[in-house]
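Take a look at the structure set out below.
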Amino acid sequence: MKFGYFTLSDNHYENNTRSANQFVADILDEAMYAEELGMHSAWIGEHHFNTLGVLSCPDIVLAHLAARTRRIRLAPAVTVLPLHHPIRVAEQWATLDLLSGGRVDFAAGRGYDRGEYIPLGASFDENQATFEEGMAIVRRLWASSEPYSHRGKKYNFNNISITPQPVQKPIPAYVASFSRPSIELAASLGCGLVVAPFAAAMSFGGLQQVADLYHETCAKHGNPPGRLICSYFTHFADDAAQQAAARARQIRYYKECVIQALPGDPKTAPPSYKYSIDMVNRLKKVRPEDLTENSVLIGNSAQITESLKKVQAAGFAEVIVYSNVGLKPHQQVRDEMARFAAEVAPQFR
């Protein structure tokens, strides 16, 4: 099992003196440090217009990272595809794949924040259909340099091909999922899957259940299963005081960031986001003792390793480690990344 660096650039905290610009600089430093530590990949999220996430252009940050690294794989986590025209998305990531020597992993999703859709004139209520159509277009444009025409509900064009073409044929593609329809879509498209364990625990019971559903749906559609990836909030803690601080940090993230963005109002949540209503209600009530290995990794190196062995047994090929969550200081993030690389990752080689 491989390990990557992951961030959603959350910066939405009371009494927070860290600027968005400083946090982006920290993230770039951490991503470069990930290569130095021998991590497999760097995954950077896309957010717009507020401090729930302050990094709006992961493609540009990863392009900068590509020029300063040689080995680490480069991935959005995720591109919010309905906010962009799929032709442009295909061009951008094919170009980065060329410039990086074939190091792109592409992951896309619908996002979950209506506030990111409205200023860009995109329909939040119809984003599921838009996403499905856009994902098919992106992958088709990468598959061949032959001109391609499309007639759909959202997009229509004639005789389009993109240049440059990607180095990888194909660029590995993943669908990000919080819900059953997204898991089934990944399987039907022949894509890999990226899932958040805390969401999987609430919606399905755990990662094993997600893996089972994904594999069953792949078989139903006659597609070979792709890679399974999960993102894990990770906090090292060696004593009771550190445990308490880590759990408080994680709950602060849930309450000050996640709950603020998820569609939690039954009156306004679109049908495809009904699952998030229960998720918000449960996160509002979460207690420190509720933070189990099903949702977050908290403990010493041996405890984190033991939890990750179960993830490996469930069939997951990669864990992308979310260490800089909850306003954790930059130096502490670097220290925990180094500890993970030295004490946990070697147990999976």
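The values are calculated or read from the model by the stated rules, or taken from the named source; none is laboratory data. Remember, it's a predicted structure, so these values are computed and weren't measured experimentally. Cβ: placed from backbone, ideal geometry, glycine included. Neighbour counts: every protein chain shown.
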Residue satisfying condition, being within 30 Å of GLN347 (Cβ to Cβ), in contact (Cβ under 8 Å) with a residue 60 or more places away in the chain and under 15 Å from the mean Cα position of the chain (by Cα), within set GLY38, GLY4: GLY4
Matching residues in region 210-251 - criterion: being of a type in the set (Lys, Arg) and buried (at least 16 other Cβ atoms within 10 Å of the Cβ): ARG227, ARG247, ARG249
Among the candidates ALA245, ALA211, ALA201, ALA186, residue that is over 19 Å from the mean Cα position of the chain (by Cα) and part of a helix (DSSP H, G or I): ALA245
SER301 being in contact with a helix residue (DSSP H, G or I) (Cβ under 6 Å, 6 or more places away or on another chain), under 23 Å from ASN16 (Cα atoms) and of a type in the set (Ser, Thr, Tyr): no
Enumeration of residues in region 40-55 that are among the hydrophobic types (A, V, I, L, M, F, W, C) and buried (at least 24 other Cβ atoms within 10 Å of the Cβ): ALA42, TRP43, ILE44
Conditions (1) more than 21 Å from the chain's Cα centre (by Cα); (2) at pLDDT below 95; (3) small (Gly, Ala, Ser): number failed by GLY111: (1)
Residue in region 297-304 that is in a helix (DSSP H, G or I), modelled with pLDDT of 95 or more and touching a Phe, Trp or Tyr at 6+ places or on another chain (Cβ under 9 Å) present: yes
Matching residues in region 141-179 - criterion: being free of Cβ contacts under 8 Å to residues at least 40 places away in the same chain and either closer than 17 Å to GLY109 by Cα or within 19 Å of the chain's Cα centre (by Cα) (or both): LYS154
Complete set of residues in region 27-38 that are touching a Lys or Arg at 6+ places or on another chain (Cβ under 8 Å) and surrounded by 18 or more Cβ atoms within 10 Å (Cβ to Cβ): GLU30, GLU35
Flag for SER272 being farther than 27 Å from ASP212 by Cβ and in contact with a helix residue (DSSP H, G or I) (Cβ under 7 Å, 6 or more places away or on another chain): no
Residues satisfying the stated conditions in region 82-124, i.e. out of contact with any Lys or Arg (no Cβ under 9 Å at 6 or more places or on another chain) and of a type in the set (D, E, K, R): ARG88, GLU91, ARG110, ASP113, ARG114, GLU116
Tally of residues being modelled with pLDDT of 85 or more, over 19 Å from the mean Cα position of the chain (by Cα) and assigned to a helix (DSSP H, G or I) across region 257-275: 1
Criterion: of a type in the set (A, V, I, L, M), touching a helix residue (DSSP H, G or I) at 6+ places or on another chain (Cβ under 7 Å) and part of a loop (DSSP other than H, G, I, E, B) - qualifying residue of LEU62, LEU55: LEU55
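For region 18-29, does any single residue satisfy the condition of being assigned to a loop (DSSP other than H, G, I, E, B) and either within 30 Å of ASN127 (Cα to Cα) or β-branched (Val, Ile, Thr) (or both)?
The answer is no, given that none of the residues of region 18-29 is assigned to a loop (DSSP other than H, G, I, E, B) and either within 30 Å of ASN127 (Cα to Cα) or β-branched (Val, Ile, Thr) (or both).
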Some residue of region 72-86 being at negative phi, surrounded by fewer than 19 Cβ atoms within 10 Å (Cβ to Cβ) and either touching a Leu at 6+ places or on another chain (Cβ under 6 Å) or among the hydrophobic types (A, V, I, L, M, F, W, C) (or both): no
Qualifying residue in region 34-57 (condition: more than 22 Å from ILE171 (Cβ to Cβ) and touching a Pro at 6+ places or on another chain (Cβ under 9 Å)): yes
Complete set of residues in region 56-71 that are surrounded by 23 or more Cβ atoms within 10 Å (Cβ to Cβ) and touching a residue at least 24 places away in the same chain (Cβ under 8 Å): LEU62, LEU65
